[in-house]
Structures are given as C-alpha cells and as structure tokens.
Amino acid sequence: MGKKKILALVCSVLALILAACAGNAYQEKNEQKSFSGKTVMEMSAENAAESEAAGLKEEENKSAENEEGKSDSAFRYPLISQALAAGRYSPNAERDILLRDLDNSFFYQIREGDTLWGIAEKYYNNGSAWKMIKDANLNPEEDGNFILAGEEIIIPQNYYIRRQIGSRGGFSSDACSYDVPWNWLCGRPGWEVCLEYSWWPEEKGMGVYTHVTENRLFPNGIGDAWESVQQKIIEIAEEETAVTFTIPVFERYLREDGTELLFYYFICNAGEERIQYAAAYVAGKRFLAEFIGYDILADEKETSEDIIDITRYMAASYTEGEGEKSWDSLKYRPYLGAENWPFEDLHNPFAMAVEVFGSEKPDAEFRGEDREVTFVSKEWERFLKMLTCYHYDLTDEQWEEFRDRPIYLSELAWIQEVELVESPIPGRDIVCVQGLQSDEFDSCLKCNLTTLSDIAVLPNLRKLTLEIGSAADYEVLKECSSLEEISIAGEEQLTELAWISELPQLESLTLSVSSMPHIIEIGYQKEGGSTFSAKTGIGEEEKTADNSDIDVMEPEEAIGKCTALKYLELEYNGEFDFSCLNQLPELYTFILGGEDAGSSEAGQRGSEITDEDYSQIKCLVVDEKWIRNPG
C-alpha cells in the first residue's frame, strides 16, 4: 500500500493520540521529561527490519492481478496479413487501416513464364494475393494482367488493422485527429509538458501519451534518417540509469496516404516491476505526431501485445486535415531527458520511464549545525511533526516521545516541497508537504501561518507554492538559500522583490495576484473562514511606510540578478523593462501577463518584442500572445 493511500489512516490514529494527550501536549513543555535522546532518523532505522518483513508479508498476501479481465477490456488491434487473408477478406478504407511493412517488402525481377498468381503463390503461399502485388506496382490505368520479363516489381508485405467499432477521436481538430479505444479516458499528465494522455480507467497501469507538433524533424520525408535515429535510440537504451531497458525492436510502415509510421517497443526493468513500452511517430506534411504507450506487466507475462497493438493502431489511425491546429501546449521547459536526447520535438520515452518507475530518491542530506527549531505557529509545528512521524514510519510509542519534545533542523531535512493554496471552494485547499496531506489539516487556515519564517526555516526546501493571505513577509524567504522554485499568488501585485536576488539557486519564479481578496470584497464568505481579507487598496505611500526596513530595488533589477532563472512568469501591470532579460542567459521561458489580451496596453507591450529578441528564450508569451513556442 502506497504512502498516500494510508496517510489518512495514519493521521486518524495520530489524531486519537493527540486527543488523548491534548491536556498535556504543550502545558507541560517546561516540566522535566524523560526522552530517549534519539532522533527520528535513528528511531526509523530501528524499525527498518520489522517494516521490511511486514512489507514482504503484505506482498505475499496480495491477490494476483486479473490479467484476463484486462485483455477483455483493453481490446486488441493486431496486424493481419493481407496476403494470407486474400480471397477471404478484402480490406477497405472505412473499416480497416492498411500498412505496408517497409522492412520486409522487397523487389523481385520478373522471369519468363512468371504470372502474378504464381509469384503470389511463391511468396505468400496464396495465389489469391496476386492483386495485392498488382496494386503495389501498376497504375490503375494499366493492364494488371500483363507483365514483362526483366521488369522489377515490389513484393509488398501488407497488413491491415481493423478499426474498433465505437472507437472515438482523441484530441481531434480540423487539423488532425486519431482514434482512442472507446472505453478509455483522456487528460493531461502533470509531470511532463506538451502531452495528452489516454488511459483505460479500469487499469491505471496502462495508457498512451500523445503529442502533435510542427514537423521539423523530417520536413523532407524520412528517407535514410530512420537508420541514424534507430542507432541513437539504441545507444540511449543502453545507458546506465535507475532502471534498465531491453534493446528496442523497430518497425517501419508506409501508410495509405504516403506518410510513414515509425515504431519501436522495449521493456523497462524497474526493480521487481517490468513495464512494456511502445513508441510510434507519424511524419505528416505539416505535423509530427508521437504516441508513447506503456503497460505494467504481470509476473508471468513476457510482453504486452495489448499496448504494442494499441499504440501502433492509434498512430496508424492518425489523420491530417487542412485546418489549423486548435489545441496547443506551451512547452515551458525542455522535455525530460533532453540533455542526451537529440530529437528536440520528441519526448524521451526512456527518461519518462525513469521519472515514473525509477527508484525513490533518498532524503536530502542535512548540512550545517543542528539545532532546535522554534515555530511561531504551533499548529504548523504539529502538522510537520505528524508528517515527519509518518515519513519515518515511527511506532506509536516513538510518536508519543517525539510529539512532546522539540524538533531539530536535521529532522526536517527530508522536506523539499511545500504547497499551500487556498481555494474559494470549501474543502478544496491544498495543504501539502513533500506530496503528503492530512485530513486534519484540510485547509490553509488551520495551519495558522502568520509568518513565512515558519517555512523559511526548512533547511532543504527546494520548491514552494503559496496562495495564502495570512502571511506576506516574503522577504524572509531569502534565508532559504536552497530554494529553486517559487510560485506566489499574493493579495496584490508584488513589487518588493529585492529578496529574490539573494537566492543563488532560483531557477523558476512565478508571481501572480490571487483572486481571493476580490471574491471576498464582493461579499463572498467562505465556510470555515479564509486566510485572505477583502482587497484593501493600500496606496503606495502607506506600503512604503509599512515596509521601510525592506531593501528598495526595482522588480526588473531584482529579476536581472537571478542569473540561474530558467522559467519566469509574471502578472505585472504597466510598463516593463524587458532589458533585464538580457541578464538571464539560462532563461528558457518568459510569460508576462497582467494586461487584458487585445487591449492597447497589451498591444504596446507585445510590440516591444520581436521574434529575434532575446534568442536564449525558447518560449515567449506576452499578455496571451504567443511570440515564440517550441512545442
């Protein structure tokens, strides 16, 4: 059972313990207590052997996966040999998709006495397939029964795939579309950019990722380029990573519209798990479509024909129209594994496998002098203690000891991500630490955060997402030098940004304005209360007086000092000095919003940047106008 699945149960148990000890939890903090002197890491180590044994027993008790039901519901799209079916079945465009296997088709020189029937009998064991040879070689106006000795003809290896009745379009438009099995769902994954995702809802371990972009990889057709592409794919499959891969098996087909379908499949070995992967590319006249399927294999299965067939079928069903592509994905960062994947417009299926199925990353190391931590918010401290107890899998007895003693920096070193986002809808707040949540702390208000120093104290905090109104002393975050990603939706536009210039590792910065104060201002009262209040409309003089101890620096100047930035998104009204972007050599994405799209202000700002400016930026958007997008 995974961490998230049992977190609610653990929190419930801890809540009962807390309730039983509520009268003494903090009232006795000055009384002498008898502690073991062990850190939570040492307690966790003592429990490791027992936990491992319990885990093995749990695995033994798991029921076997029902693969039979999986095959019935996923549906198969096998390749059917047209030659073997000749005389019994004649495929047509409405119900079948025809593919020619380019790797196994070959040329034959006609000899005296040859007939198309005889050639078909020789190579297909079915003379009825003679018309397939005729169609592959002769123009419709020519007499298909007349062949000449010495003439060279192609002996095609044709296959067809039967369309599933009820199959429906995936992410389709007037520009292009493809089929998705009728009982699958569609969405988008959050861990990779520019991907659509189709999956079978009854089996979470099977799905297909898709993406359609401009065909920049094979603009003049594929030709001999596929051989070099295959070689590079094999080299990447052989590289040492957290998982291992089998050597891919490659296929190449010619589609009826004259475009080619490139296909390969392999198995990812990730510890005790084995995952079948399949990837397909269709290079059209305007677009390049990619399909990446995966299926977690049951112990007894050597391979998954299901996902191989489904991925091939979805690619084979891809059609390109004359309209404009109406669903675009913003490629705001390079794809996973881009550093050693030479195909910029294609996702790296090997890096995707490592991301999803690679081994869990160990806790970040604690460096520096250890000390007790004092939190302003006791609720926030209790929340962090509960999650720390869960993370280190402490026993009830160990929790009782840990709960009543101070917490140390080293015991918080495992926390690298914090997300606190208030929603106007009750029960929809996000209160998340390192991917963990608690039913007891289901709203931002319950954390009672009045200062961000309670967050800045975390020694290894890497990613911070905030949309709360009870704490706005953002300048204290400069003490958290480990921060790499910050996303803040404040009560109003943030202009005091000198503190970000003191974060040497900052790679991603998003600053926007929360809608919560405006919603409250028009009379909304959130059930259970809110961390926000109505928008006050504080003037510049008052803000300056209230923040006189903060370093004064123009926002553009502060941003220009963050030379490690790769992603920058700002909600900013009025003029903006774009020259600060010249100081950000690593910047991949810049998104500027704040003015209404189509307004004169937006037009003015958009006109200040041309397609040639700031060449290091690959993804450039100003007030919803896409100036540059590599996706």
Ellipsoid equivalent to region 334-462 - semi-axes via the Cα gyration tensor, in Å: 32, 20, 15
Potential lengthening between Q231 and A149 on full extension [0.36 nm per residue; Cα-Cα distance subtracted]: 25.6 nm
Å² of accessible area per residue within region 442-522, as computed with a 1.4 Å probe and no ligands counted: 36
Whether region 163-316 is rounded, prolate or oblate, judged on the alpha carbon gyration tensor where a/c under 1.5 counts as rounded: oblate
Rounded to whole Hz, the Karplus (6.51, -1.76, 1.60) HN-Hα couplings of region 189-198, x for glycine and proline: x, x, 9, 9, 8, 6, 9, 9, 9, 10
Rounded to whole Hz, the Karplus (6.51, -1.76, 1.60) HN-Hα couplings of region 515-531, x for glycine and proline: 7, 4, x, 5, 5, 5, 4, 8, x, 6, 10, 7, 4, x, x, 9, 7
Given charges at Cβ of Lys, Arg, Asp, Glu: region 328-430 dipole, positive-most of F402, G427, A353: G427
Potential lengthening between E112 and D439 on full extension [0.36 nm per residue; Cα-Cα distance subtracted]: 109.4 nm
More than 15 angstrom apart: percent of Cα pairs within region 422-466: 49
With every protein chain in place, region 128-282: carbon and sulfur % of accessible area (1.4 Å): 47
Region 208-248, dipole about Cα centre (Lys/Arg Cβ +1, Asp/Glu Cβ -1), debye to the nearest 20: 200
Net dipole in debye of region 208-346 [+1 Lys, Arg Cβ; -1 Asp, Glu Cβ; about Cα centre; nearest 20]: 480
Spatial separation of Cα centroids for region 98-141 and region 614-631, in angstrom: 51
Environment charge of A280, counting only residues whose C-beta is closer than 10 Å and scoring Lys/Arg +1, Asp/Glu -1: -1
Vicinal HN-Hα couplings computed from phi for region 438-452 (Karplus, 6.51 cos²θ - 1.76 cosθ + 1.60; Hz; Gly/Pro x): 9, 5, 5, 10, 9, 9, 4, 4, 5, 6, 6, 7, 10, 8, 7
Solvent-accessible area per residue for region 384-437 (1.4 angstrom probe, square angstrom): 33
Percent carbon-and-sulfur accessible area, region 560-631, ignoring ligands, DNA and RNA, probe 1.4 Å: 43
Where labels lie 7 Å past Cα in the beta-carbon direction, separation of E586 and I430 in nm: 2.3
Portion, in percent, of the accessible area of region 288-357 that falls on carbon or sulfur, probe 1.4 Å: 47
Long-range HN-HN contacts of I627 with modeled amide H, under 5 Å: L620, V621, V622
Cross-link table K526/K561; K232/K566; K38/K361, entries beyond 32 Å C-alpha to C-alpha: K526/K561
Per DSSP, loop chymotrypsin sites (Phe, Trp or Tyr not before Pro) in region 184-232 with at most 14 further Cβ within 10 Å: W191
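The values are calculated or read from the model by the stated rules, or taken from the named source; none is laboratory data. The structure displayed is predicted, hence computed values, not measured ones. Because the Cβ atoms are built from the backbone with ideal geometry, glycine has one as well, and the counts that use them run over all protein chains shown. All accessible areas refer to the heavy atoms of the entire protein, side chains included, with ligands and DNA or RNA removed. Shrake-Rupley method; radii C 1.70, N 1.55, O 1.52, S 1.80 Å.
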